[in-house]
Amino acid sequence: MKVLLVDDDVLTRLVMQTHLERWGHQVVTAGDGAAAWERFQVEEFPIVISDWIMPEIDGVELIRRIRACPRPGYVYAVLVTAKSQREDLIAGMEAGADDFLSKPLDAEEFRVRVRVGERIIRLEQTLVEQNRALREAQSALIQTEKLASLGQLAAGLAHEINNPIAFVTNNLAVLRRDMMAALEILNLYQSAQARLAEIEPTLAATTHHLAEEMDLAFFQSHLPRLFDKTQAGLERVRDIVNNLRDFARLDESTFKDADLNAALDTTVEILHHELKKKQMHLVRCLEELPPVPCQAGKINQVFLNILLNAVQACPTEGTIELHSRLLPGAQVEIVIRDNGSGIKPEHLEHIFDPFFTTKPLGEGTGLGLSVAYGIIKEHGGAIEVESQPGRGTTFRIKLPLVPPQATRGQDRFGQTRG
Ligand SMILES: Nc1ncnc2c1ncn2[C@@H]1O[C@H](COP(=O)(O)OP(=O)(O)OP(=O)(O)O)[C@@H](O)[C@H]1O
Ligand SMILES: [Mg+2]
């Protein structure tokens, strides 16, 4: 373990260092509290052993500063002192010391006390690791749950909407045909308008008045366009519903050959409204790809999470580029690039962590990228990010054309589904 050893007495320091190194620890020494504090701020030390009485920053002050410093891992702090009075021990413990060693040093006591520290640090590390695994599993569960309910909702919605859409579309076709025929008849009647005025002047005046009132000429010339637009609207509704159903594919738990370019297009369609609202430019450079065996619903989820982040990071009229290509070594590469805000270097290493978000409370859960990472890993692929703050971000996804055999037909916890 890495130990920070602080003592202003060279001899004591040397003796302790020799012992610690003999027990397999990596020791960094400091001759006073100030030097130790400087070192502590730039390096991680799970164990700090410090002399109590030192000029300027003494051992108690050093430990107080260590405790006030936000660090991911626990620091086990031991004070070394000739003091043995009870009040002193209490003051040291109050400042955050975990244990004491008294001078003159007894080598055996020193060894067992450092061992206690080591044990506590290892327990803490195990706990952190278990906690991380739990959070990952939790985020995967939340997302799987979300995806499954979206899939069910989309399938139900598609069924409910497709039915009325089908008869409205049929009726519209019939209506169009009959209306066009009726228009022809109307045209014929209109051609006899002069004749009608001679025989039935009142009736002719009334029809003329009604025609003017409804702007019959406009209606006649615009009717075909009105039908075209209505038809296009219906097709759009049908496409949206089908896209949603394709997007949240219910067969997502099995690997099937999929067209990733089509998957990207479907996802872009899902985001149509978001892209339009921000007047985003979309550059689409998709090369022809062979079918990729994957869990299509989950891959769509990856594209959606990354694209959504890109839209959110971009200003109005920002640009998103989509690239796809076949790589040597039986892999495909999908690149999603934006010219948005970029990611700060200190955030880069955390963006795939579950629940890491820089978005205001209630706006981001911080799950999008951790889920994307899990899905790509499950597919035997890789996901990389490059970013320049203020200039934009690039996500690069690589997927193998032969997925890892072990994961086929299994869910992320390794249980084969029936
Ligand atoms: N394209 C991007 N540009 C700038 N920052 C990004 C981009 N993609 C991700 N990030 C950063 O990574 C963080 C984590 O992203 P992630 O998708 O995991 O969570 P989120 O978007 O904050 O929340 P959620 O996706 O759950 O709604 C974001 O909060 C943001 O700071
Ligand atoms: Mg997100």
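Say whether the condition of being more than 20 Å from the chain's Cα centre (by Cα), on the phi < 0 side of the Ramachandran plot and buried (at least 21 other Cβ atoms within 10 Å of the Cβ) is met by at least one residue in region 295-309. Checked against the condition, which is being more than 20 Å from the chain's Cα centre (by Cα), on the phi < 0 side of the Ramachandran plot and buried (at least 21 other Cβ atoms within 10 Å of the Cβ), region 295-309 yields no hits at all.
Listed by position, the strands (runs of 3 or more DSSP E) inside region 1-109 whose residues that are under 44 Å from the mean Cα position of the chain (by Cα) number at least 2 are 2-6, 26-30, 47-51, 76-81.
One residue alone among Val385, Val311, Val371 is within 12 Å of ligand 1 (Cβ to nearest atom), part of a strand (DSSP E or B) and assigned by TED's automatic domain parsing to the domain that holds Leu264, and that residue is Val385. Total residues in region 294-315 satisfying the condition of being out of contact with any helix residue (DSSP H, G or I) (no Cβ under 9 Å at 6 or more places or on another chain) and away from ligand 2 (no atom under 16 Å from the Cβ): the figure is 1.
Checking Ile120 against (1) in contact (Cβ under 8 Å) with a residue 12 or more places away in the chain; (2) within 35 Å of the chain's Cα centre (by Cα); (3) closer than 22 Å to Ala35 by Cα, which test does it fail? Ile120 satisfies all of (1) in contact (Cβ under 8 Å) with a residue 12 or more places away in the chain; (2) within 35 Å of the chain's Cα centre (by Cα); (3) closer than 22 Å to Ala35 by Cα except (3). Kindly evaluate Phe100 against the criterion of being buried (at least 17 other Cβ atoms within 10 Å of the Cβ), over 14 Å from Met1 (Cβ atoms) and not assigned by TED's automatic domain parsing to the domain that holds Val15. No; evaluated as a whole, the condition is false for this residue.
Scan region 328-357 for residues that are assigned to a loop (DSSP other than H, G, I, E, B), within 14 Å of ligand 2 (Cβ to nearest atom) and in contact (Cβ under 8 Å) with a residue 12 or more places away in the chain and the total you get is 9.
Considering region 332-348, and only residues there that are modelled with pLDDT under 95 and more than 10 Å from ligand 1 (Cβ to nearest atom), the residue that is surrounded by the most Cβ atoms within 10 Å (Cβ to Cβ) turns out to be Pro345.
Considering region 358-385, and only residues there that are hydroxyl-bearing (Ser, Thr, Tyr) and modelled with pLDDT under 90, the residue that is nearest to ligand 2 (Cβ to nearest atom) turns out to be Thr365.
The values are calculated or read from the model by the stated rules, or taken from the named source; none is laboratory data. Note that the coordinates shown come from a computational prediction; the quantities given were computed from them, not determined experimentally. Backbone-built Cβ (ideal geometry, glycine too); neighbour counts: all protein chains shown.
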